[in-house]
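The values are calculated or read from the model by the stated rules, or taken from the named source; none is laboratory data. Remember, predicted model here, so these are calculated numbers, not experimental data. Here the Cβ is made from the backbone with ideal geometry for all residues, glycine too, and neighbour counts use every protein chain on show. To get the accessible areas, we keep the full protein, side chains included, count just its heavy atoms, and leave off ligands, DNA and RNA. Shrake-Rupley method; radii C 1.70, N 1.55, O 1.52, S 1.80 Å.
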Amino acid sequence: MTEVRVRFPPSPTGYLHIGGARTAILNWLYARKHNGKLILRIEDTDAERSTKESIEGIIDGLTWLGIDWDEGPYFQTDFSEDHARAAQKLLESDQAYKCFCTKEELEAKREAAMAAKQDVKYDGTCRNLSPEEINAKESAGIPSVIRFKVPHKEGVVGYDDKVLGRIERKYTDIEDFVIVRSNGKPLYLLCNVVDDIRDRISHVIRGQDHLTNTTRQLLLYEALDAPIPTFAHMPLTLDLKKAKISKRSHGEIVAVQFYRRKGFIPWALVNFLVLLGWNPGTEQEIFTKEELIEAFTLERINKSHSIFNYRKDDPKFFTDPKAININAHYLRTMPIEEIGILVKKELQEAEIWDDAYDAEKKEWYLQTLDMIRDRFHTLNDFTTSGRAYFADDFEIEEKALNKNLLKHPDLKEWLPMLADRFDALPEFNKESAEQAARDFAEEIGVKPGIPINASRAAITGLVKGPSMFELFAHMGKEKVVKRLRDSGKYFKN
Ligand code: GLU
């Protein structure tokens with residue numbers, strides 16, 4: 001078998017979209033599985049729309065996801081000579097021709113064809129101009145585009161798609177498409193093929209939105225006398241209303257950077273995106289990198305479009321709940337040291353990182369993460385819900401305030417009293433704290449849950465969390481005592 005060479009050729013006209021990321025990931029998996037090469041090629045031919053920021057964003061996004069490539073980034077604009085040469089070759093071999101029809105003429109013909117309910121394909125006016133006619137038009141300064149001369153014959157152009165099976169299109173359904181604009185700039189259909197030929201691409205794995213391009217490009221491969229790669233078309237990603245997900249209608253949730261900001265673990269996002277378009281044929285949903293590379297095949301890419309289950313009106317989920325659940329799974333199960341590195345970045349950004357967490361407080365730091373991670377969904381949760389563990393300026397949850405802290409008006413006095421009891425303990429640990437709390441509840445004649453839940457609210461700002469006595473001991477006497485004494489601020493008078 002020849003070497004597997006796949007490519008990811010984004011047009012740098014925006015940020016890295018999750019659909020684009022998924023394309024990159026599936027190509028990467030295929031390359032890794034077959035010890036092949038992944039080529040990153042920036043298709044920047046559209047100079048007006050391509051930006052430097054977009055190129056940086058794409059490279060940054062892929063790097064964050066952990067998707068590495070073996071060649072490139074190549075830039076399509078560096079190969080314009082190849083594109084021009086190919087166009088010239090097609091002209092010279094009579095497989096392309098100059099077309100002098102003006103926009104207005106084409107528009108008028110299109111309207112007439114539509115009115116007559118006829119085919120709106122280009123009618124071939126310039127297909128058979130004589131060299132003299134061409135010369136005359138050029139001498140008169142009439143601009144021209146170059147069109148590919150689709151063979152006039154019966155039958156079909158077709159190929160075996162690795163995902164969709166046999167795909168065929170009648171020659172007669174394909175119009176003579178433009179390959180070079182009147183300003184001399186070659187178009188995507190041509191550049192993309194010329195580059196794939198030069199880069200010796202063996203497999204083109206891309207979205208089904210390119211299906212109509214593929215049949216036209218097959219004609220170009222044939223005309224340029226080049227071997228045809230294997231094609232595999234991935235399903236599109238649609239929303240619940242079956243509309244393609246896009247920035248315009250869905251906002252930033254389609255950007256890879258959004259997930260980074262929201263506290264996603266890169267591999268969790270990769271895992272989610274792979275399942276958005278591919279299935280292992282089993283119930284398995286969580287994959288290590290090695291497992292995914294092993295399990296991945298083009299044949300198991302889904303035929304039908306994937307649904308991105310995003311409910312704008314559900315504030316509980318800021319994106320597809322499955323993505324959040326997969327992220328939470330990794331948060332709960334990854335080695336705690338690895339979580340420690342990821343959370344460090346979050347704490348640093350929130351300016352509540354303490355260098356001691358990397359030194360004498362390391363054990364405490366990792367233990368804290370381990371105690372609280374079960375309830376968290378994203379890395380952001382460590383600096384929002386989990387803030388009280390690392391900083392004094394945390395906010396108290398409404399439920400914790402109303403249901404627990406303000407449950408009994410006397411808690412305003414009781415909590416500082418409990419603080420005094422703790423303060424007086426010669427040794428402050430799980431057992432002694434529990435004993436002191438229970439004794440105190442008995443003295444004031446309430447169920448232990450009342451001061452204990454109120455304490456949790458005052459100490460962590462939350463309704464739920466790790467076992468309370470463990471928490472007392474873990475937070476340490478000083479913090480516990482101080483927060484209980486300060487809890488008066490939550491009471492109105
Ligand atoms: N630049 C094209 C895109 O971003 C590449 C498509 C392809 O894979 O051929 O859609």
Residues within segment 214-235 that are hydrophobic (A, V, I, L, M, F, W, C) and either in contact with an Asp or Glu (Cβ under 6 Å, 6 or more places away or on another chain) or in a strand (DSSP E or B) (or both), tallied: 3
field: Matching entry among Ile352, Ile372 (being of a type in the set (Val, Ile, Thr), part of a loop (DSSP other than H, G, I, E, B) and either surrounded by 14 or more Cβ atoms within 10 Å (Cβ to Cβ) or without any contact (Cβ under 8 Å) to a residue 40 or more places away in the chain (or both))
entry: Ile352
task: Give segment 1-14 a look and list any residue that's more than 13 Å from the ligand (Cβ to nearest atom) and surrounded by fewer than 20 Cβ atoms within 10 Å (Cβ to Cβ), or say none.
output: Met1, Thr2, Glu3, Val4
query: Picking from Ala441, Ala400, Ala388, Ala424, which residue would you name as being open to solvent by less than 30 Å² (accessible area, probe 1.4 Å) and over 15 Å from Arg483 (Cβ atoms)?
result: Ala441
Asn404 part of a helix (DSSP H, G or I) and either free of Cβ contacts under 8 Å to residues at least 40 places away in the same chain or within 30 Å of Ala255 (Cβ to Cβ) (or both): no
- line: Selection from segment 135-163 of residues open to solvent by 90 Å² or more (accessible area, probe 1.4 Å) and either on the phi > 0 side of the Ramachandran plot or among the acidic types (Asp, Glu) (or both) yields Glu154, Asp160
field: Hey, Ile197 within 14 Å of the ligand (Cβ to nearest atom), within 24 Å of Gly20 (Cβ to Cβ), among the β-branched types (Val, Ile, Thr) and touching a residue at least 60 places away in the same chain (Cβ under 8 Å) or not
entry: no
query: Which one is farthest from Gly14 (Cα to Cα), of the residues in segment 35-86 that are part of a loop (DSSP other than H, G, I, E, B) and away from the ligand (no atom under 16 Å from the Cβ)?
result: Asn35
query: Could you say which residue among Glu48, Glu104, Glu111, Glu132 is loosely packed, with under 15 Cβ neighbours inside 10 Å and within 23 Å of Cys191 (Cβ to Cβ)?
result: Glu48
query: Within the bounds of segment 246-263, is there any residue that is under 18 Å from Gly20 (Cβ atoms), buried (at least 18 other Cβ atoms within 10 Å of the Cβ), aromatic (Phe, Trp, Tyr) and under 13 Å from the mean Cα position of the chain (by Cα)?
result: yes
field: segment 175-194 - residue that is open to solvent by 20 Å² or more (accessible area, probe 1.4 Å) and not in a strand (DSSP E or B) and, of those, farthest from the ligand (Cβ to nearest atom)
entry: Ser182
- line: Filtering segment 318-370 down to residues that are under 18 Å from Gly465 (Cβ atoms) and either polar (S, T, N, Q) or in contact with a Leu (Cβ under 8 Å, 6 or more places away or on another chain) (or both) yields Leu331, Ile336, Ile339, Val343, Gln367, Thr368
message: Which of the numbered conditions does Arg32 fail, given that it passes all the others? Conditions: (1) open to solvent by 10 Å² or more (accessible area, probe 1.4 Å); (2) part of a loop (DSSP other than H, G, I, E, B); (3) of a type outside the set (Ser, Thr, Tyr).
response: (2)
field: Count of residues meeting criterion [under 19 Å from Phe258 (Cβ atoms), in contact (Cβ under 8 Å) with a residue 60 or more places away in the chain and either touching a His at 6+ places or on another chain (Cβ under 6 Å) or of a type in the set (A, V, I, L, M, F, W, C) (or both)] in segment 37-65
entry: 2
- request: Residue by residue through segment 440-469, note down the ones that are in a helix (DSSP H, G or I) and free of Cβ contacts under 8 Å to residues at least 12 places away in the same chain.
  value: Ala441, Glu442, Glu443, Gly449
query: Take the residues of segment 15-29 that are within 11 Å of the ligand (Cβ to nearest atom) and part of a helix (DSSP H, G or I): which is nearest to Gly57 (Cα to Cα)?
result: Gly20
- request: Can you confirm whether segment 203-213 contains a residue that is open to solvent by 40 Å² or more (accessible area, probe 1.4 Å), part of a strand (DSSP E or B) and touching a Lys or Arg at 6+ places or on another chain (Cβ under 9 Å)?
  value: no
